[in-house]
Amino acid sequence: MKTFAPNSPENGPKKFYLRDVNVCTVSVICKYNEEEDSNTWQITQLDINGKTRGGWLEALTVGVKVPVAIFMISADGIRLQGMPVIAQAATLAGHMLGALILLSSGDAMAEDTCCCLSGVNSLFQVLRRRPSIPERVRIESGLSVMSADSLARPRQGSWASPVPSPQLKSAEPPSFNEDSLKWILDTLSPTAGASRFTEVIADPDATHKINVTEGAHHFLTEQLYAAPGNLPAARTASQREAILRALQPTATFEMMSHIPVELVEASGEEAQALRRKLLEGATIVFFTAGYPGKRFIYERAMQLGVKSVIIEHPDSWAKSLVDEGIIAKFVPIDMSQDAEAVFEQAVTAIRALGKDPLTLDADAIITFCELSVPVVARLAEVLGLPGHPPTSVDRARDKHRTRAEMKAVGLPTPKNTLIKGAHELEEAMRTVGFPAVLKPISGAASLGVKKVSSEAELRESYVEVVTELSKLVVSSGALTQDDGTGKGVKAENAMDCTILMEQYLDGKEVDVDVVMNQGEWRYAAVTDNGPTLEPYFNETYAVCPSLLPSAQQKELKDLAISTLKCLGFTEGIFHVECKYTSHGPHLIEVNARMGGGQVHETNLRVWGVDLVEETLFVAAGIPCRPFIPVKTPLGGGVAYCDINAEESGTLQNLDFLTSLQQKEGVVWARPYIRAGSQEVVGPKDGLPTWIAEFLVQRPTAAEALACLQQRQSEVKPDVR
């Protein structure tokens, strides 16, 4: 077998280096054996820390032959399990040392434990004393696990956080008083009216010709009502390939090219440490920061050694994170422009990072905000970075289109139809029947979502929903009632008031948090949601792990994963909402991002899986293999809820939170609104206002839910 590796016979012996492996520097000289019956490399010299080792060590290594058959030959060169042959030759020395250490300590080793030791195991059996190398190397799955400290990023910006990195763990229960909530309360807008929407989720229907009319050319408004708006169309496969061919690999991909695939894709604490090391020093762009409650994301990125760059509106709260040493750079872009202008300026800004010595080139771009998912998918595509396919994102953002895709592949789909005007109500009744749910096709969250059980309710509710939507304005990306000040964009100028009428789904609602990598799911956890407050579908509570029978949980996971695949997703972290109905599992919606609220904290506390960390991995192109050491939940059970206003009026004080925080099992209790500053809405008068949230943790999910419900019954906000 002839090879064309750099160390082939034509080029003579070649010396390779493996840097700082196992607290020493190793170099190895290999010679290719031309004999037709050999097809091997031969180690002719081994140096440790710059010195050629004589005596027993040299005797054991010189003459060792490595089968060439372990290499795969392709047009791209010679590789072993995805690793360039030059780096592999050097790594063989590390394998050798690891085997020496193991054997010298009396550990047993099978004949086929390591490919680079074939035929020399008998020589090692005579070794009885330990080499003077302090760190041991484990032989795992046929390859030694590389020390994470041996990795070095080829290109890295100079920025490093000036503040010490806290320990990587869940938040401790905070001490509670009103002063301690000042940083939260200061972020609450005193002019927000009765709206509870600080973050909104768009539900556009891309199959309709939605025109962004005059007065609505605002990036957030476009993405809320008419996504993808003026964003560029998705590239074809050939266009994407042309972009990638014109670019050099990111620094992260260069590092991974020198590591056996099995190591990066392994499961376990050591492999997770290796993946974190690959992430360390990466420059990651976050497009839009979200509300201040997402601060923990950027703190976590800082803990992992990420150089974070946030692109946001010039007056964003996130601007101060630079001075705090949490992010490396803040890039201001006027988000009041249309999507096309914002997109082009973002592309220019990200490309310019390569000339900034603080950051250098971006390794990834990501968002944790729903409205920014379509633009980030397109930015990643144009910049040749890992990301969701824009077509998949557009399908997921459009509920009607999602259901059409599911129906095409035979997945369960509720009966549904679109209502463009009152004249179509009768046909909608015949198509869907009762009970049913009305949802604005260009709506957000639970706003305008209402259950109807008869023709009279349908006609009345249709008028109510359309009228309600026409009175809203969009201010700072949030839906609010028009207060007469003239601030904000009138919703009726931007949105299509087409209504989706859908078969009502009975049963229990759940969230399925999914980590996908290389086309397959790597983690999927089910969280139960409490019964919603109908007819407005306000959520009441959530508990994890799920209390549903394991067979039903499996069906829900299977539906969530099958839906993601049918939409064309292969990588990423997803928050999929489903229901287990009287006729099986059904989808509610897909969010192509990590869930908001307490989703991150819940998965971290219960299962030990950090969805922020996994999001950063997949954004940088690093494999995801969340490590769960045992099948039983590490953190017992977690339950949380939002406290809804029970009647309309003004919240007088936050005393109810002070007493709640002192209760056994309560981890935290936090307000959504300021006391005395705004009117709240009770269920008799409309969509109830969320006043506060709290979270509990107990040894089991059942105990956590019981504790939450007991505390809920004790909470009495003073509204009058």
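The label point for Arg720 and the one for Ser659, both projected 7 Å from the Cα toward the Cβ, are 1.5 nm apart.
When the pairs Lys407/Lys451; Lys420/Lys451; Lys420/Lys450; Lys307/Lys579 are compared against a 28 Å limit on Cα-Cα distance, Lys307/Lys579 fall above it.
Taking all pairs of distinct Cα atoms, average 1/r, flip it, and tell me the Kirkwood hydrodynamic radius of segment 518-714 in Å to one decimal place.
Working: mean 1/r = 0.0547 Å⁻¹.
One over the average 1/r among Cα pairs gives 18.3 Å for segment 518-714.
Pairwise Cα distances in segment 559-599 exceed 14 Å for 48 percent of all pairs.
Peptides 428-434, 609-615 ranked from most to least packed give 609-615, 428-434, packing being the mean of other C-beta atoms within 10 angstrom over each peptide's residues. With a cut-off of 13 Å on the backbone N, the residues of segment 215-256 near the modelled label site 7 Å out from Gln345 along Cα-Cβ are 218-220.
One chain, two ends: Arg459 and Leu247. Fully extended at 0.36 nm per residue, the span grows by 70.7 nm beyond their Cα-Cα distance. Length gained on full extension, Glu280 to Phe296, computed as 0.36 nm times the residue gap minus the Cα-Cα distance: 4.0 nm.
All C-alpha to C-alpha distances of segment 300-403, sorted into 10 Å bins beginning at zero, yield P(r) values of 13, 44, 33, 9, 1 percent in whole numbers.
What ratio of Cα Rg to 2.2 N^0.38 Å holds for segment 670-720?
Details: Rg = 13.6 Å, N = 51, 2.2 N^0.38 = 9.8 Å.
In units of the globular-protein estimate, segment 670-720 measures up at 1.39.
In terms of its Cα atoms, segment 274-338 spans 41, 21, 18 Å along the principal axes, sorted from long to short.
Evaluate the relative contact order of segment 518-714 (contact order divided by residue number), counting alpha-carbon pairs under 8 angstrom at least 6 apart; express in whole percent.
RCO, segment 518-714: 20 percent.
Ranked by the mean number of other Cβ atoms within 10 Å of their residues, highest first, the peptides 629-642, 687-700, 230-243 fall in the order 687-700, 629-642, 230-243. For Asp334 and Ile628, the difference between the fully extended length at 0.36 nm per residue and the C-alpha to C-alpha distance is 101.6 nm. Rg/Rh for segment 577-686 (Cα atoms only, Rh after Kirkwood) is 1.06.
Using Cα-Cα distances under 8 Å and only pairs 6 or more residues apart, what relative contact order does segment 237-395 have, in percent?
On the way: 211 pairs, mean separation 35.4, N = 159.
For segment 237-395, the relative contact order is 22 percent.
Here segment 218-375 has an Rg and Dmax of 16.9, 47 Å, counting Cα atoms alone. Overall, the anisotropy analysis places segment 621-674 in the prolate class: the square-rooted eigenvalues a ≥ b ≥ c of its C-alpha gyration tensor yield a/c not less than 1.5, with a/b exceeding b/c.
Kirkwood Rh over alpha-carbon pairs of segment 494-632, then Stokes-Einstein at 20 °C and 1.002 mPa s: what D in µm² s⁻¹, rounded to an integer? It would help to have the intermediate numbers written out before the result.
Numbers: Rh = 15.8 Å.
Roughly 136 µm²/s, to the nearest whole number.
Read-outs throughout are calculated quantities, based only on the coordinates presented, and are distinct from any laboratory measurement. Values in this document were obtained by computation on a predicted structure and should not be read as measured data. Using ideal geometry, Cβ is built from the backbone for each residue, glycine included, and neighbour counts are taken over all protein chains shown.
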